[in-house]
Structures are given as C-alpha cells and as structure tokens.
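Report on the following structure.
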Amino acid sequence: MKEQIEAVQRMQNYIAGHLYEQITLAELARESLFSPWHSYRLFKKWTNLTPAEYIRRMRLSASALRLRDEGCRVADIAFDMGFGSVDGYQRAFYREFGCNPKEYMEHPVPLYLFTPYGVIYRQFRKDERNMEKVKNVFVQAVTKPARKVIIKRGVNADDYFPYCEEVGCDVWGLLMSIKSLEGEPVCLWLPDAYRAPGTSEYVQGVEVEVNYDGPVLEGFDVITLPEADYLMFKGEPFEEEDYCQAIEEIRDAADKYDPSTAGYEWDASNPRIQLEPIGTRGYIELLPVRQKKDGRVK
C-alpha cells in the first residue's frame, strides 16, 4: 500500500510542477515507476479522479485565480491552460464553477476551487515516522494590521483534522478563491471573545481589508481583528509525509520559548494563526504577543 501511495504522490507532484505543459500518461507512468495502465488505475483508486480529470480541475482553478488577479484575456488563459478552444474552456469553466469566465473576471465571487490534497497526507498523518530533528526554528517579530477575517466556524474542533470532519475539507478551496491580504487563507485558534456560542475554537478563514464590503457566503461569519504583534515561528523545509512531525517541532519550540527575552509576553486576546503546511517553505505558526515596557505590559 505504501508503495502505491508514494507512486500516486509522485504523479501528483509531477502534475503540480508541470501544470502549464502538456502532460501525458507515459510521463506520469515514468514518475510512478509503474506501467501506464497500472499508473492510471492507481491514480483513480487513490484520488477518485482520472489523471485527465485531476489535471483539468487543477487548471480550471488556476485559471480562476488568473482571471481574478491578472485581468488577462479569456482566450489567452484558455490556451495557456492547454484548452483547444475558447468555447471548450468556457464550457469546462461553467461546468466546474457554475459561471462564465468573462463574467467571473468582471465580478469575482467566491468559488469552490479544487484543492489537490496529496494522498500521502491522508495516509501517513497518524503514522509513527522517523524524521531527523529540525535543526533550526526561525523566530521573527511581525505586526499584522487591523483587518477583517471571513471565517467558517466548526462546532467542537480544536485543530485541523477535527475541523475537516465537522466542516469538510472543500472549504479551503473556497477560501483560496477570495483575494486575501497575505495571498493565502489562514487557520485560527479563536479566543473566547471571537467565538459564537456552540462553535469551535479552530476555524479557517481569509484575512481581508478592514473596510472590506464584498460578498460573504451564507454560513460564513466576519470578525474584525485589531492591529497586533506576533512572533512568527518558522521551521526548515520538510518532506511532505513528515508534516505532522514538522508541526510538532514548531509547537515544541514555541512552548519552550520565553518571549520576555525579546521584550514581549504572550497575548491571549488575539488569535493564534496557522498557515498551510507546505514542505518547501517550512511549517509556520504565528503566536500573538504584546510588548513590555520596564518589565510591565505596555
């Protein structure tokens, strides 16, 4: 089973790295180290999509972000994404998102973008794995501006996996379609002051301008956060299958860190923030702090 999962993950990695190129089943098979026929079957088994369906959905979601941010011609994006005609691209876009690409470019609305989770994440998240201890944890003071956050609340969740079980993982793709201050969604552990009765501590959301007045989908809430100081804890890059251990390393480092050495103390009035675990950049969490002056809270 492990060999199959790793083969599919290699194919997923190849697709992500060559999304704007022509991708053949022979190339995917070469990455998987299986025959084309067996590679196809394994990919469908573990992702519930054929390679062609998976690539098309990734390209359509990538095209939606370009339409939102770049103002390109629909025709240019259609051909860049490997569609044979503009009409074919428009039909595919409409089937995927329920709207026309030109209309979406002119009036972007939240969309459920395709989120291609690596199969290796789902299989190995609870496994005991040996990972070389992270050698460095980088700590940096950052200030986040006053902002609004469009959030989707859970019920009892206090971390990512319980949240996905309560809310579903598709919400991340929807959040990705909303243009954010930092270029990506965030996960938050909310202090009690920002929690509605009977809702979760852990939520996912998108940070937007404090004067944001755009659409908010049904079932989502908007909270307003003040300007606040944070200590950003960032680990070294890690192998994707080792992300649980990378998270544990950062949390262990944060637990042991004394913020007073940098003139701060922990601030329980602002939410702790988690960014998506991406192996190539290292795991990142931001912990809220407040400055001290002469040994007292400023």
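The values are calculated or read from the model by the stated rules, or taken from the named source; none is laboratory data. In this text the structure is predicted, and so the values were computed from the model without any measurement. Quick reminder, even Gly has a Cβ in these numbers, built from the backbone with ideal geometry, and neighbours come from all protein chains shown.
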>> Tell me which strands (runs of 3 or more DSSP E) are completely within segment 214-298 and hold 1 or more residues being closer than 30 Å to Arg10 by Cβ, without any contact (Cβ under 8 Å) to a residue 24 or more places away in the chain and not β-branched (Val, Ile, Thr), or say none if there are none.
In response: none
> Would a scan of segment 159-178 turn up a residue that is at pLDDT 90 or above, more than 28 Å from Gln12 (Cβ to Cβ) and either crowded, with 17+ Cβ neighbours inside 10 Å or not hydroxyl-bearing (Ser, Thr, Tyr) (or both)?
Replying inline: no
> Inside segment 181-193, can you point out the residues that are surrounded by fewer than 19 Cβ atoms within 10 Å (Cβ to Cβ) and either free of Cβ contacts under 8 Å to residues at least 40 places away in the same chain or aliphatic (A, V, I, L, M) (or both)?
Replying inline: Leu181, Glu182, Gly183, Asp192, Ala193
> From the residues in segment 133-167 that are of a type in the set (Phe, Trp, Tyr) and touching a residue at least 40 places away in the same chain (Cβ under 8 Å), which one is farthest from Asp242 (Cα to Cα)?
Replying inline: Tyr163
> Which of the residues that make up segment 174-190 are under 8 Å from the mean Cα position of the chain (by Cα) and not in a loop (DSSP other than H, G, I, E, B)?
Replying inline: Met176, Val186
> Inside segment 81-95, can you point out the residues that are modelled with pLDDT of 90 or more, out of contact with any Pro (no Cβ under 7 Å at 6 or more places or on another chain) and surrounded by fewer than 19 Cβ atoms within 10 Å (Cβ to Cβ)?
Replying inline: Ser85, Val86, Asp87, Gly88, Arg91, Tyr94, Arg95
> Among the candidates Tyr104, Tyr40, which residue alone is on the phi < 0 side of the Ramachandran plot, in contact with a Leu (Cβ under 7 Å, 6 or more places away or on another chain), without any contact (Cβ under 8 Å) to a residue 24 or more places away in the chain and part of a helix (DSSP H, G or I)?
Replying inline: Tyr40
>> Can you find, within segment 5-19, the residue that is surrounded by the most Cβ atoms within 10 Å (Cβ to Cβ) among those that are closer than 9 Å to Phe43 by Cα and without any contact (Cβ under 8 Å) to a residue 60 or more places away in the chain?
In response: Met11
> What number of residues within segment 107-149 are outside any helix (DSSP H, G or I), modelled with pLDDT of 60 or more and of a type outside the set (Val, Ile, Thr)?
Replying inline: 20
> Ala196 passes all but one of (1) touching a residue at least 40 places away in the same chain (Cβ under 8 Å); (2) within 30 Å of Phe114 (Cβ to Cβ); (3) surrounded by 12 or more Cβ atoms within 10 Å (Cβ to Cβ); which number fails?
Replying inline: (3)
